[in-house]
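Please read the structure below before turning to the comments.
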Amino acid sequence: MLTKEIAEEIVKETMDRLKRNINIIDPDGIIIASGDPSRVGLFHAGGLQVIKTGQPLVITAENEKNLPGSKTGINLPIEFQHAIVGAIGITGQKEDVEEFGDLVKMTTELMIKQASMASKQEWQQRLKEDTFTALLNPPINAEPIEQQLKQLAIQLHAPYHVFLIDLQQEKLADTTILKQIEQIIYPDRSLVGFHEGSKIFALTSGYTPQRLRKKLQAVKEMLTKANVRCQIGYGTPAEQLEAVAISFKEAELALRIRTGSKTFVSYEDIETEALIYQLDQLTKSRFLTRVFPQLTPKTKETLQTFFQYNLNITETAQALFVHRNTLMYRLKRIKEKTGYDPQLFADAVTLQIAIWIAAHLEEEKM
């Protein structure tokens, strides 16, 4: 509709082009925007007559005195969605301003339409994000959520998948990215929005894991073309809406625990390590202190690489750029200091858990 903000923008844009004074009159006949600030808030009888009749009105020196608040010029109705929402007046002599009338009217109505569309899109985006937030706070109230989804023309059905896109940059406010993601995963079966500024959430429904992976790949390719660096974390499928919050937490953990430069991080890939995040602080600290009274950066790097290469001596030595014998010596020293042999599976599990805990505790200090 015709707001004061939109009216002021119309006045600015049209006056810059026409170099004429422009007045915007609301349905009550009050000037809400004008190139002459002293006229804002005043009654405009000519504008009110145009609004009531729906017909243009030329104001001359002869009829000006019978139309309080009006000056010589032309006034035209502003229409939006088959209704008159206001009037626009162009100050000046008839022969000077009449030729601009239709152009100014068309431009004004177009600007109102664009503003309305933008406002509607903002409202819809807000509703999507509010709906998703409601799903993250069980116990959920299904009825209002279903009503909100109906307003958005979105139908969700199991299985539900949640994924988070970490944009790895400053806060991004461009909703064009959201629209492009929606088009890839279908807007009528997904909720997409911003989360904490630098992340984008997406709740999809009805996809198999294989199909979802293809969609994620398409999203990644689209973001790459837009020069947006990202990593994508996603949780396990949820069979009920009540479990969407769990899938979301899993996606968050997947991004939090991500390793290296992998684009896609599935919760299933880091599930064992994720269990550590559920332990209390004291338990983690006691375990780490018992296994590693002193954990040096070199020991940590050696073990992380050794486990990354599945206890393979040759590949680990190559990755660390050390001689095989040097690596063997390091592993022997770890066994002597901790009592755990990194080359034995059962002991390696204990050492791996300790390394994960160390990384987690360091992260919490940051």
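General remarks:
- Residue within the range 87-100 that is without any contact (Cβ under 8 Å) to a residue 12 or more places away in the chain and either closer than 25 Å to K120 by Cα or of a type outside the set (D, E, K, R) (or both) present: no
- Selection count where residues are outside any helix (DSSP H, G or I) and closer than 14 Å to T338 by Cβ, scope the range 293-310: 4
- Residue list for the range 120-142, filter: closer than 23 Å to T176 by Cβ and either open to solvent by 100 Å² or more (accessible area, probe 1.4 Å) or of a type in the set (F, W, Y) (or both): K120, E122, W123, R126, F132
- Counted residues, the range 311-335 - those being open to solvent by 30 Å² or more (accessible area, probe 1.4 Å), of a type outside the set (K, R) and closer than 19 Å to P297 by Cβ: 5
- Count of residues meeting criterion [hydrophobic (A, V, I, L, M, F, W, C) and more than 16 Å from P342 (Cα to Cα)] in the range 280-292: 2
- Residue list for the range 244-280, restricted to those being part of a loop (DSSP other than H, G, I, E, B) and either open to solvent by 60 Å² or more (accessible area, probe 1.4 Å) or among the acidic types (D, E) (or both): R258, T259, G260, S261, K262, L279, D280
- The residues listed here are T283, T289; of these, the one that is closer than 11 Å to I357 by Cα, of a type outside the set (D, E, K, R), over 41 Å from the mean Cα position of the chain (by Cα) and part of a helix (DSSP H, G or I) is T289.
- Candidates Q343, Q308, Q352, filtered to the one that is open to solvent by 60 Å² or more (accessible area, probe 1.4 Å), closer than 30 Å to D280 by Cβ and touching a helix residue (DSSP H, G or I) at 6+ places or on another chain (Cβ under 8 Å): Q308
- Residue among Y329, Y309 that is of a type in the set (S, T, Y), more than 13 Å from W356 (Cα to Cα) and modelled with pLDDT of 95 or more: Y329
- In the condition set (1) hydrophobic (A, V, I, L, M, F, W, C); (2) modelled with pLDDT of 90 or more; (3) over 19 Å from A158 (Cβ atoms), V265 is compliant with all but (2).
- Some residue of the range 64-78 being in contact (Cβ under 8 Å) with a residue 12 or more places away in the chain, under 15 Å from A7 (Cα atoms) and among the hydrophobic types (A, V, I, L, M, F, W, C): yes
- Some residue of the range 108-119 being basic (K, R), open to solvent by 40 Å² or more (accessible area, probe 1.4 Å) and outside any helix (DSSP H, G or I): no
- Within the range 1-58, the set of residues being among the small types (G, A, S) and at positive phi comprises G29, G41, G54.
- Inspection of the range 226-234 finds no residue satisfying the criterion of being crowded, with 20+ Cβ neighbours inside 10 Å, in a helix (DSSP H, G or I) and touching a residue at least 60 places away in the same chain (Cβ under 8 Å).
- Meeting the requirement of 1 or more residues that are β-branched (V, I, T) and open to solvent by 30 Å² or more (accessible area, probe 1.4 Å), the strands (runs of 3 or more DSSP E) wholly within the range 13-91 are 57-59, 83-91.
The values are calculated or read from the model by the stated rules, or taken from the named source; none is laboratory data. The model shown is predicted, which means the values in this text are computed figures rather than measured ones. FYI the Cβ positions are ideal-geometry reconstructions off the backbone, even for glycines, and counts take in every protein chain you see. What goes into the accessible areas is simple: the full protein's heavy atoms, side chains included, and nothing from ligands, DNA or RNA. Shrake-Rupley method; radii C 1.70, N 1.55, O 1.52, S 1.80 Å.
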